[in-house]
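Take a look at the structure below.
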Amino acid sequence: MQAGPTTSDALLVWGTDAGYAGDADAPGLMSDVFARVGGPDEVEVSTDVMVHLRAGNVMIDNTWLWRADHSATGGVYDGANPVKNGLVVDGDDVTTYGLAVEHTLEDLTVWNGEGGQVFFYQSELPYDVDQASWGDKDFVGYRVSSDVQTHDAYGVGVYTYVGPSSKPSASRSTCAGGAPATFGDSQQHPLSITHTPRLPRWHLRYFRDYNVSSATGIAAPAALEPSFVNPLAVHLNGYGSLAHVINDKGNATSDAGETAYVCP
């Protein structure tokens, strides 16, 4: 799916009624769907949302929703090819397998429905935002709305690439092994650290052009924090920082190659 020069509400809308529950015995299936806003275009293109799921009992498999960070004419800067959100879920009992959302200008994914299940999520925060347009507005890579009661997520990552840096590469961390350390106000979210020569492929990445400080990569009701299994954030290089992984849990990431997990 490709955005065009006339702004639309969404590239794909599934269902016309947010109250439609769908059928658990015959769920809808969206598989191998890819959307982009920008890339091959030499003119400005835009949409508000790439995929908007209004109905319930839908399964998403292998989907990549991309606001271009580069195009046929070169790099993308200063909010060109605008799109607010990659995925908005209003329906209940929606499940995703292998979902990637990248570079949108507001919350990358917004989950409003109950009973969501997410297995592997990769997001890359926008390169071309500044503190006023992103950090001060508390946008995140993955948001579960404040009134949601049930949500399970496995391997949710937010990562950042923030431009050239002369800072030394930090030690990389993983959830396996090592003595657990606790942080934040809760003992329920220990962070286990060990060193590994490889970065995991699922993570959060951010901010190429400006020094942006952001509070967290994932926002969710506090009661749902234990339902996130091994969420993480990675700072690949350059400017800016992410203070936490999920809400106020997880260590800050600001040095090149620095990784933070929140482990069960």
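The values are calculated or read from the model by the stated rules, or taken from the named source; none is laboratory data. Please read all numbers here as calculations on a predicted model, not as lab measurements. In this analysis, Cβ positions are derived from the backbone assuming ideal geometry, glycine residues included, and neighbour counts consider all displayed protein chains. What goes into the accessible areas is simple: the full protein's heavy atoms, side chains included, and nothing from ligands, DNA or RNA. Shrake-Rupley method; radii C 1.70, N 1.55, O 1.52, S 1.80 Å.
If the segment from Asp61 to Thr7 were pulled out straight at 0.36 nm per residue, it would be longer than the present Cα-Cα gap by 16.8 nm.
When only DSSP loop residues count, what GluC sites (Glu not before Pro) in region 1-104 have their Cβ near at most 16 other Cβ atoms within 10 Å? Each step should come with its number before you reach the end.
Working: sites: Glu42, Glu44, Glu102; in loops: Glu42, Glu44.
Here the GluC sites (Glu not before Pro) that fit, given the DSSP loop and packing criteria, are Glu42, Glu44.
For region 1-129, calculate the relative contact order in percent as a whole number, restricting contacts to Cα pairs under 8 Å that are 6 or more residues apart. Spell out each step's value before the answer.
Working: 371 pairs, mean separation 31.1, N = 129.
The value is 24 percent.
Note the full-extension length gain between Ala26 and Val229 as 0.36 nm times their separation in residues minus their Cα-Cα distance, in nm to one decimal.
Working: separation 203, 0.36 × 203 = 73.08 nm, distance 2.76 nm.
Separation in residues times 0.36 nm, less the Cα-Cα distance, equals 70.3 nm.
Once you have the Cα-Cα distance between Gln131 and Asp17, take 0.36 nm times their residue separation minus that, and quote the gain in nm to one decimal.
Values: separation 114, 0.36 × 114 = 41.04 nm, distance 3.62 nm.
My answer for the length gained is 37.4 nm.
Quick one: compute the contact order of region 76-116, relative version, from alpha carbon pairs under 8 angstrom and 6+ residues apart, as a percent. Don't jump to the answer; show the numbers that get you there.
On the way: 56 pairs, mean separation 20.8, N = 41.
It comes to 51 percent, rounded to a whole number.
Would you mind classifying region 1-44 by shape? Square roots of the alpha carbon gyration tensor eigenvalues, ordered a ≥ b ≥ c; an a/c under 1.5 is rounded, otherwise it is prolate if a/b is larger than b/c and oblate if not. Oblate. Here the accessible area of region 77-157 is 46 percent carbon and sulfur, with a 1.4 angstrom probe and all protein chains present.
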